[in-house]
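Report on the structure given below.
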Amino acid sequence: MDVVVNASTLDALTVGLDTVWVLLSAFLVFFMNLGFAMVESGLCRSKNTVNILAKNFIVFALASISFWVIGWGLMFGNGNPFVGLTNLLFANGGVDEGFDAISWTRVPFWAKFIFQLVFAGTAATIVSGAVAERIKFLSFIVFALVLVGLMYPVTGHWIWGGGWLQSLGFWDFAGSTVVHSVGGWAALAGIILLGPRLGKYRADGSVNPIMGHNMSMVTLGGLVLWFGWFGFNPGSTMGVGDGSAIAHIAVTTNTAAATAIVAATVTAWLTVGKPDLSMIINGALAGLVAITAGCAFVDVAGAAIIGLVAGVLVVLAVPTFDKFKLDDPVGALSVHLVNGVWGTLAVGLFAIDGITGSATGNGLFAGGGLTLLGAQALGVAAVGGFTFAVALAVWGILKAVLGVRVTREEELGGLDRGEHGAEAYAGFQIID
Amino acid sequence: MDVVVNASTLDALTVGLDTVWVLLSAFLVFFMNLGFAMVESGLCRSKNTVNILAKNFIVFALASISFWVIGWGLMFGNGNPFVGLTNLLFANGGVDEGFDAISWTRVPFWAKFIFQLVFAGTAATIVSGAVAERIKFLSFIVFALVLVGLMYPVTGHWIWGGGWLQSLGFWDFAGSTVVHSVGGWAALAGIILLGPRLGKYRADGSVNPIMGHNMSMVTLGGLVLWFGWFGFNPGSTMGVGDGSAIAHIAVTTNTAAATAIVAATVTAWLTVGKPDLSMIINGALAGLVAITAGCAFVDVAGAAIIGLVAGVLVVLAVPTFDKFKLDDPVGALSVHLVNGVWGTLAVGLFAIDGITGSATGNGLFAGGGLTLLGAQALGVAAVGGFTFAVALAVWGILKAVLGVRVTREEELGGLDRGEHGAEAYAGFQIID
Amino acid sequence: MDVVVNASTLDALTVGLDTVWVLLSAFLVFFMNLGFAMVESGLCRSKNTVNILAKNFIVFALASISFWVIGWGLMFGNGNPFVGLTNLLFANGGVDEGFDAISWTRVPFWAKFIFQLVFAGTAATIVSGAVAERIKFLSFIVFALVLVGLMYPVTGHWIWGGGWLQSLGFWDFAGSTVVHSVGGWAALAGIILLGPRLGKYRADGSVNPIMGHNMSMVTLGGLVLWFGWFGFNPGSTMGVGDGSAIAHIAVTTNTAAATAIVAATVTAWLTVGKPDLSMIINGALAGLVAITAGCAFVDVAGAAIIGLVAGVLVVLAVPTFDKFKLDDPVGALSVHLVNGVWGTLAVGLFAIDGITGSATGNGLFAGGGLTLLGAQALGVAAVGGFTFAVALAVWGILKAVLGVRVTREEELGGLDRGEHGAEAYAGFQIID
């Protein structure tokens, strides 16, 4: 039986497919919460495990609430080039209108919402690792609320919400800047205000390495994050089309991770003398962060080079931050900040105009001159300056009002007992 | 080239999309087996880890077989209001006819089957945690077979298989009652028959808290369960349509989890004095259980309230069960029974008629009066009464025939050595 | 509004759906890397954990690069019956032409590529477990590169790339032979060249069981693998159609795992006297490996029988390999080699012509005589002979050039310190 199709039937089918894709991608990105929780707790000491896990668990709950109450409206609401202003509260009750900047995807409102929500949650989680083993639980919670509810949406509005950077031709496909470097800048401010963990830097200036307590969990976390990134990057199409863009992005993403691992392994082998597992894993994450901005704008060879550079950068960044006594227990700055910046700039180098349909213009190495690279650099600086300054202020206020650092006794005895009255591995004999 | 479409082409495409959605959702629900295994083993002592893991692994295998052999037919076969009677065995070899109650979804037979199978498996897994650290391996296996093959399908028939509760206007979208409270009632009967673990309640009536041995695994399990719930609830549409229902359900589900976490954290902080990690995680699960019945029937604000209440309930329920010396090592009753009941009743309070297309009528707070609430209460009572009574009988028979409890020596020495001749963490120094 | 549909609109929608399915399946198969990492490290001793995890992490990176550079072209390029020859390098830059053998699926090139890539990675990972606790890191890396870049693609070309076995009527739907037995044969060659771990076999010929250090991780890994297999098998349709084939395959896959678990548990209970957890888990994997070849060619009852046999085989195979002093720390030979062979032959026994659309002809038990069984046996022998011989040569060259085995001191002290200067569980008291 042949039929003439009702247009709305075909429309519903198309939008239905797009929705399945966006939702499943959102679920994968949600699952990255597990990856972060395991990487961060595993790289720290067992006496702080419960604290880190509790932070990571609750931070996504708070992100879910604050992004619903206010964050979505600030980020995607119609407004001015700097912030969304319309239908601010409670994601407008699920009604689509007033959010023109994201009307390009035809999926239902709540599909857009949950996809953007899981991204917002990621930014806060990045901070969690960097301030681990010394932060007060309540202060972190308040900071996470401010970050997801207010700070992240503002810079997000600039880039994805129809704001001034978007107008200037700044491109960040899945959030090397919007998510990762924002998390990194906020973390940097926290690390500066908090100071290093007791015993990390010796009186003579040398570094006392503090070993993670569970490399099985770190590896698990790294692989879960890689898995989740297949939602993060390909899912950012927020639609399927004929499938060629999402397939392209899946391969650029995977390739950058692979070359970054190899580069990080070799670099670590050459500089430290051993193929260090935490460097291998952070290498993978570095490659994934770096390809996030450009995954839809570069070809597979470009992705391979972006990953190679990321793998080298992350291994060199760790001792560099230590030189400045910036104590980052999990390498969050080296992964998310350094490579968020690198990945964003790399769009200006490797972009190939229209490779998956976006009119980015060509990057420098594709013969496009410096225009795109300039816009990317401007965006990096603007978002970095804003986020770092505001984060420093928020952390400063928290320090004055609630205090941000646990007591010396609590830090030495472990935050698990001090903040939670619990231990992670009851019965196991542990010497910290 | 324009074409006139053959109706079957478009049909195949629609059914194909629905099948992809249902299968991927089923896979996510299957993955919840990992979540349960890790939450349950992590909250118990290391000396019983192998036993709990083995139980959780094998119980899904048994569920897969018994639901195929007999369970599916009892649940979805045409029959009378109380039980399915036609094509009982081996899921009718995969032939669709004779299962009218589930013909509303057009996905192929085996897609319906595997989706329903993973739900059935969940019910048995819930029991596993509640009876942990003292149950005989073989007795649990037999109970699980009876539960999945015979008990679960009967009450399932009442609600989803065209039975009497469905006719009366009882609504349970994804199984707060069908799955979670059924598991909870069966667990309660087991706990009563088994008695508490040695040393849990002191002679003076006070409670001796028994700490879990691996909070990293508990956290991992909690996040895996949350991830899997995105298959459990949105997947229960068993179709995609234009995507708006599944997106709605994803957000109500996530929001209830988030508010429940916050409520449980605050409640625990107020009652115990610390933000207890196991309460945070059980809070998330409580919110997820509670929103399962109503995820498609309430709006996001309603979901937020349902979750808030769930988070308070779970924290208050734990000491209440302890007061009655009902020893539930993992909090399964507080999560699945209490909040399965709460979530089912909440449909009667917060339902908004037709919000995603189901003709539930309005709940009390949406101006619908007490009709819906009454039906929900009747369903809770009927399913609870039936399941608890039959479970008590089955556990009683097992106690008489096989014995249900391991010896005192075995319990003290750990079930891993006693039942499996193994230990979970060879080489680690552990004091139990 | 009724419309006449443009053919390309409907085409794009169909291909879009297929792409979503293939990509999500690929992501699930990618996730199996986590499963292998946890099963393998958990079944070994804690002193070798970092080494095993590092191997598993980096091997997928290397697979990603070598399959892109050369493997894809050798496997799927047009050429002769033995190897692909056209557009060999860099997957032809993503251009589809020259790969006729895989043009039956209409998904975009990069979707085909990433799906095949994650399969290639699996073969190398299988080897990793078998040679654990004594292999030199660098030698394993080189072997993995050769396996994924050169060996796997050649036999893969014979079966899936339009080669001579495919022409002869050999059927392997998702890779019991292409992936699992290839990994198994390569592992067997490595085990022979390496020799057993120190202390595994006593002077009197008896076996000294070496316990795994973390059964929680092994269980986690087993469930992750089962989860990932829902991408491995149903995804191998590389398209959705009307959904009936993928639903069928999901159920045959799950059923074989379930019956294999029961069979392995009972067999272990009868032979060892206890329901051994590692046997339960390896039972599941054995069933999954065995059903991989025939999941689309047999009915659910056939799958149940294939799984039952697999569960018995895996339990009997472990002591058999030990009798020949073939020391396989994780049971990789028993799972992947024995059951890869069994599953491939089982197609010749249980296949039902056209059950999901493939013209396999009937197997012996479906009245088809010995034709299919003969082709299957020939394929098993040819692939096994080739892979074992080449692997033995490659391992032999590595032994001569780099050495394959760590020193006695390093093996006793653990590869984590020797090769990586690290330990997996800092702070924990461990006696190896």
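The values are calculated or read from the model by the stated rules, or taken from the named source; none is laboratory data. All of these numbers come straight from a predicted model, not from anything done at the bench. Note that each Cβ is placed from the backbone with ideal geometry, even for glycine, and that neighbours are counted across all protein chains shown. Accessible surface is based on the protein model in full, side chains and every heavy atom, while ligands, DNA and RNA are left aside. Shrake-Rupley method; radii C 1.70, N 1.55, O 1.52, S 1.80 Å.
Here C:Leu198 yields copy-to-copy label distances, from shortest upward, of 4.0, 4.0 nm, the label point defined as 7 Å from Cα along Cα to C-beta.
Angle of helix C:109-130 to the longest C-alpha principal axis of chain C, folded into 0 to 90 degrees and rounded to 10: 20°.
What is the calculated FRET efficiency for A:Val69 to B:Thr271, with r their C-beta to C-beta distance and R₀ = 30 Å, to the nearest 0.05? If you can, show how the numbers build up before the last one.
Working: r = 26 Å, r/R0 = 0.87.
With a Förster radius of 30 Å, E is 0.70.
Quote the relative contact order of region A:9-420 in percent (integer), defining contacts as alpha-carbon pairs under 8 Å separated by 6+ residues. About 22 percent, as a whole number. When chain A is turned onto chain C, its residue with the beta carbon nearest the axis, and that distance in whole angstrom, is A:Gln429, 2. Burial here means at least 30 square angstrom less accessible surface with every protein chain in place than with the chain by itself, probed at 1.4 Å; in region B:258-302 the buried residues are B:Ala258, B:Ile261, B:Val262, B:Trp269, B:Lys274, B:Pro275, B:Leu277, B:Ile280, B:Val300. To the nearest Å, what is the center-to-center distance of region C:321-339 and region C:107-131, using C-alpha atoms only? Here the answer is 22 Å between Cα centres. Angle, helix C:49-66 long axis vs. longest principal axis of chain C, Cα atoms, 0 to 90°, nearest 10? The two axes meet at around 30 degrees.
Would you mind pulling out the separation of the Cα centroids of region A:247-269 and region B:150-187, in Å? Each part reduced to its Cα centre gives a spacing of 49 Å. Copy-to-copy label distances for A:Gly369, where each label lies 7 Å from Cα along Cα-to-Cβ, are 7.5, 7.5 nm in order of increasing length.
Note down the relative contact order for region B:272-378 as a percent, whole number, built from C-alpha pairs under 8 angstrom at least six residues apart.
Details: 158 pairs, mean separation 29.8, N = 107.
Normalised by residue count, the contact order of region B:272-378 is 28 percent.
Please say if region B:245-403 is rounded, prolate or oblate, where rounded means a/c under 1.5 for a ≥ b ≥ c the square roots of the C-alpha gyration tensor eigenvalues, and otherwise the choice is prolate for a/b larger than b/c and oblate otherwise?
On the way: a/c = 2.24, a/b = 1.23, b/c = 1.81.
Oblate shape, in that a/c is at least 1.5 and b/c is the bigger or equal ratio.
For A:Ala389, inter-copy separations between label points set 7 Å beyond Cα along the Cβ vector come to 7.2, 7.2 nm, shortest first. Its Cα centre serving as origin, region B:9-420 has a Cβ charge dipole (Lys and Arg +1, Asp and Glu -1) of approximately 1080 debye. For region A:217-226, backbone phi angles converted through the Karplus equation (6.51, -1.76, 1.60; θ = phi - 60°) give residue-by-residue couplings of 5, 5, 5, 3, x, x, 6, 5, 5, 4 Hz, Gly and Pro being listed as x. For the residue pairs B:Lys136/C:Lys55; A:Lys47/B:Lys323; B:Lys47/B:Lys399, the C-alpha atoms sit more than 29 angstrom apart in B:Lys136/C:Lys55; A:Lys47/B:Lys323. Taking the 0 to 90 degree range and rounding to the nearest ten, how far is the long axis of helix A:277-294 tilted relative to the main principal axis of chain A, both from C-alpha atoms? It works out to around 30 degrees. Heavy-atom accessible surface of chain C, averaged per residue, reaches 28 Å², computed with a 1.4 Å probe. Taking amide H positions as modeled 1.01 Å from N, with prolines and chain starts lacking one, the residues under 5 Å from B:Arg405 and 5 or more places away or on another chain are B:Lys136. Only Cα pairs within less than 10 Å get springs; with that Gaussian network setup on chain A, which residue of A:Ala359, A:Ala400, A:Ala63 has the largest fluctuation? It is A:Ala400. In percent, rounded to a whole number, the relative contact order of region A:151-250 is 18, using alpha-carbon pairs under 8 Å and six or more apart. Does chain B come out rounded, prolate or oblate by the C-alpha gyration tensor, with a ≥ b ≥ c the root eigenvalues, rounded set by a/c under 1.5 and, if not, prolate when a/b is larger than b/c and oblate if not? Prolate, since a/c reaches 1.5 and a/b exceeds b/c.
Where does region C:85-170 land on Rg/Rh, using Cα atoms and the Kirkwood Rh? Taking Rg over the Kirkwood Rh, I get 1.03. What does the C-alpha gyration tensor say about the overall shape of region A:47-113? Classify as rounded when a/c is under 1.5, otherwise prolate if a/b is larger than b/c, or oblate. Note, shape of region A:47-113 comes out prolate.
Proximity of backbone amide H atoms, modeled 1.01 Å from N, is registered between C:Ala422 and C:Arg417 at under 5 Å, excluding neighbours fewer than 5 places apart on the same chain.
Computed over the protein assembly as shown, the P(r) tail beyond 64 angstrom holds 3 percent of alpha carbon pairs. Here the protein assembly as shown has 66 percent of its accessible surface on carbon and sulfur atoms, given a 1.4 Å probe and all protein chains in place.
Structure remark: mean-square fluctuation, Gaussian network model of chain B, C-alpha springs under 10 Å; the largest value among B:Ile305, B:Ile246, B:Ile58 belongs to B:Ile58. The spacing between region C:368-432 and region B:271-312, judged by their C-alpha centroids, is 48 Å. Less than 5 angstrom separates the built amide H of C:Tyr201 from those of C:Asn208, all sequence-distant by 5 or more or on a different chain. Simple rule: put +1 on each Lys or Arg Cβ and -1 on each Asp or Glu Cβ in chain B, find the dipole, and look at B:Ala426, B:Ala12, B:Leu150; the Cα lying farthest toward the positive end is B:Ala426. Neighbouring Cβ atoms from other chains, within 10 Å of the Cβ of residues in C:205-211, number 1 on average.
In peptide C:47-60, what is the residue-averaged number of other protein chain Cβ atoms found within 10 Å of each Cβ?
Numbers: counts 1, 0, 5, 9, 2, 2, 10, 11, 3, 2, 11, 10, 1, 7.
Rounded to a whole number, the mean comes out at 5.
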